[in-house]
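Bear in mind these aren't lab numbers, they're just calculated from the coordinates by the rules spelled out. Every value quoted in this text rests on a predicted model; they were computed, and no experiment measured them. Every residue, glycine as well, gets a Cβ built from its backbone with ideal geometry; the counts of neighbours run over all protein chains shown.
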Amino acid sequence: MSSSPSLLPFLAITLPILFRILLSYQSYSGHATPPKYGDYEAQRTWIATTYTQKIQKWYTHELQYWGLDYPPGSAYLSYIVACIHPNKKEMTTKGNETKNEKTYLRTSVMAVDILVYFVAVIAVILSTSRNRKHTGNPKHTWIPKIWRKIQEANPLAVFLTLLSPPMILIDHGHFQ
């Protein structure tokens, strides 16, 4: 592979992000369907529950509406998302499908996806790459190093894994 910079690592990461953003402009399951409003409302309710209830009540609060039924790791993530939520009143209003609330929830899913899933995919692909030749000057920052390593490893593998239909359809289509 040439030593000149390539757009492939950049495209391998940004195109799946762009695809997720475009998908977020679509509707979601349960949109405008009272009384439970679908899975979007479930996520919003879990965020509100973890913020407004004591930890001991997380798994027993409003079970008939959208009781929290995900593992504790997901509950703590919901709590973190709630703590940084810019509008606590909007967050705790049942059936809230305002543009601001949808944007916040969709952005939180995107951020977690990038921080956890993207980083994990890139780390696995880089760690399993057969082409481990050292390139570049050690004085370079870590971002150009990662770009070069993705280029050396396999940008197509990064792209296809990040564009995984099940992850995108479930996290960014069905729930959001």
For this session: For region 32-96, give the magnitude of the charge dipole about the Cα centre (Cβ charges: +1 Lys/Arg, -1 Asp/Glu; no others), in debye to the nearest 20.
Result: 220
Exercise. Once you charge only the Cβ atoms, +1 for Lys and Arg and -1 for Asp and Glu, what is the size of the charge dipole of the chain about its Cα centre, to the nearest 20 debye?
Worked result: 640
Problem set entry | Largest-first ellipsoid semi-axes for region 32-96, taking √(5λ) over the Cα gyration tensor eigenvalues, angstrom | 17, 14, 10
Exercise. What's the lysine pair count for the chain at a Cα cut-off below 27 Å, pairs eight or more apart or interchain?
Worked result: 23
Exercise. Hull surface divided by four, with the convex hull built on the Cα atoms of the chain: how many nm²?
Worked result: 12.0
